[in-house]
Amino acid sequence: MVFNFASEFIRFVPILLALLMVSMITTNASGDAPKTDAELVAALDTEYQAAVMRNDAVTMDRILADDFVLVLGNGTVYTKPDLIKEARAGSIAYVQQTEIDNSQKVRVWGNTAVVTAKLWVKGTSEGKSFDRKLWFSDTYIKTGSGWRYVFGQASLALPSEP
């Protein structure tokens, strides 16, 4: 019996291809396991908070759903166009806009996710300084093009800590 390398190689090509495909499906380009929906939403919400701090209207526009609504603790309501206009105008100059105390929690129910966290915001708006901590909840919906931020609610400023 003569060993024919080409015919033996061809016989194993389908097996090699199957192994390669399984490897590609179970890892991403960096070799890490695929992220869970909770991890994706957590990262997206953190990205959104950073965009707000930078008045990055392009990133905010990408993350916010077209019918987005934000309700503040004092009853003020903002829509996506309101927030995008405000960011483009740079009417608020943030020094701080970050989640604190490792408080971010993400809960996912099917195609809906809610992020809750304590936020520290500090800066100036219309010449007036602000520095406060508050709780917020952000609701995301999974769409055909990924997760979108659809509703936000922020508390009144928390009492000063002793």
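The values are calculated or read from the model by the stated rules, or taken from the named source; none is laboratory data. Everything numeric here is computed off the predicted structure, so don't read it as measured data. Positions of Cβ are generated from backbone atoms using ideal geometry, with glycine treated the same way; all protein chains shown enter the neighbour counts.
Quick one: which of Asp66, Asp37, Asp56 is under 30 Å from Lys128 (Cβ atoms), at pLDDT 95 or above and among the charged types (D, E, K, R)?
Sole residue among the options that is under 30 Å from Lys128 (Cβ atoms), at pLDDT 95 or above and among the charged types (D, E, K, R): Asp56.
Among the residues of region 70-87, write down those that are outside any strand (DSSP E or B) and either within 21 Å of Leu156 (Cβ to Cβ) or touching a residue at least 60 places away in the same chain (Cβ under 8 Å) (or both).
Passing the criteria: Leu72, Gly73, Asn74, Gly75, Thr76, Asp82, Leu83, Glu86.
Name the residue, out of Asp67, Asp101, that is free of Cβ contacts under 8 Å to residues at least 60 places away in the same chain, assigned to a strand (DSSP E or B), of a type outside the set (Lys, Arg) and more than 17 Å from Glu47 (Cα to Cα).
Asp101
With respect to Val108, is the statement that it is in contact (Cβ under 8 Å) with a residue 12 or more places away in the chain, surrounded by 12 or more Cβ atoms within 10 Å (Cβ to Cβ) and not in a helix (DSSP H, G or I) true?
So Val108 passes the test.
Being under 10 Å from the mean Cα position of the chain (by Cα) and free of Cβ contacts under 8 Å to residues at least 24 places away in the same chain is the filter here, so list the residues in region 43-64 that pass it.
Ala43, Glu47
Is there a residue being buried (at least 18 other Cβ atoms within 10 Å of the Cβ), touching a residue at least 60 places away in the same chain (Cβ under 8 Å) and not polar (S, T, N, Q) anywhere in region 121-131?
No, because not a single residue in region 121-131 is buried (at least 18 other Cβ atoms within 10 Å of the Cβ), touching a residue at least 60 places away in the same chain (Cβ under 8 Å) and not polar (S, T, N, Q).
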